[in-house]
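No value in this document is a laboratory result; all are computed from the given coordinates. Because the structure is predicted, anything quoted here is derived from the model rather than measured. Backbone-built Cβ (ideal geometry, glycine too); neighbour counts: all protein chains shown.
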Amino acid sequence: MQPVSPERLRGVATDLSAELERLQRLSEDIAFVHAEIAHDPGHARLFYENLALKLHNFYTGCERIFQTVAAELNGASPGGFDWQRRLFERMGAAWGDRPAMLSGDSIDGLREFLAFRHVVRNLYGFELDEERIERLIARYPVVWGQVEVDLQRFIAWLETLADQLSAN
């Protein structure tokens with residue numbers, strides 16, 4: 001990790017906390033929309049399209065966090081045609097003095113969401129596979145729970161490091 005000031009670390013922690021709050025709200029929205037399928041099966045296709053977008057948003061929100069960490073702590077995001085995959089994988093590894101932000105379980109769980117994000121961007125809503133969306137929805141609470149714990153742990157590390165640097 002490149003040397004940073006306590007203020008910069010606190011700023012990164014604040015940015016990550018704000019994105020974490022948005023992801024928490026998204027989690028509530030995903031549960032609500034998924035429940036609507038049972039209440040209004042005649043509009044299930046619309047609900048599945050909505051869920052697909054929300055699952056896309058889940059990974060995109062995680063990726064915004066990864067980009068913030070890469071820019072502020074790693075020096076820059078990776079470039080090239082596969083930058084998204086490389087950025088994602090870097091979050092599961094220590095980088096200089098920065099600990100890994102994501103656990104192996106989070107990396108494994110998020111991998112399918114990354115792949116699905118690309119599907120959502122390249123298909124029409126009516127072409128999306130409802131069974132795949134259901135599989136992701138079934139996995140989502142566990143994956144989100146793992147990612148949330150990892151992000152909270154990482155934010156706490158940033159705040160502790162900022163406090164230690166301020167004390168010196």
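What FRET efficiency do you get for GLN24 and ASN168 if R0 is 25 Å and r is their Cβ-Cβ distance, rounded to the nearest 0.05? Don't skip to the end; give the middle numbers.
Working: r = 34 Å, r/R0 = 1.34.
It comes out at approximately 0.15.
With springs only between Cα atoms under 10 Å, which of LEU46, LEU136, LEU110 fluctuates most in a Gaussian network model of the chain?
Highest fluctuation of the listed residues: LEU46.
Report the convex hull volume per residue for the chain, counting only C-alpha atoms, in Å³. Before the final figure, lay out each step's value.
Values: hull volume 16.4 nm³, N = 168.
Expressed per residue, the convex hull around the Cα atoms of the chain is 98 Å³.
To the nearest Å, what is the center-to-center distance of region 23-79 and region 138-157, using C-alpha atoms only?
The distance from the Cα centre of region 23-79 to that of region 138-157 comes to 14 Å.
I need the phi-derived Karplus couplings for region 42-54: 6.51 cos²θ - 1.76 cosθ + 1.60, θ = phi - 60°, integer Hz, Gly and Pro marked x.
Working through the residues one at a time gives x, 10, 3, 4, 5, 5, 5, 4, 5, 5, 4, 5, 5 Hz.
What is the spin-label model distance, in nm, from ARG64 to PHE81 if the labels are put 7 Å beyond Cα along the C-beta direction?
Label-label distance for ARG64 and PHE81, simple model: 2.9 nm.
What does the extension gain come out to for SER17 and LEU53, with contour length at 0.36 nm per residue minus their alpha carbon separation? All intermediate terms of the calculation are to be shown ahead of the outcome.
Details: separation 36, 0.36 × 36 = 12.96 nm, distance 2.24 nm.
Roughly 10.7 nm would be gained on extension.
GLN152 to ALA44: extension gain in nm, 0.36 nm per residue of separation minus the Cα-Cα distance? Numbers along the way, then the final one.
Values: separation 108, 0.36 × 108 = 38.88 nm, distance 3.43 nm.
Additional length available on full extension: 35.4 nm.
What does the net charge come to around ALA35 if you take all other residues with beta carbon closer than 12 Å to its beta carbon, with K and R at +1 and D and E at -1?
-4
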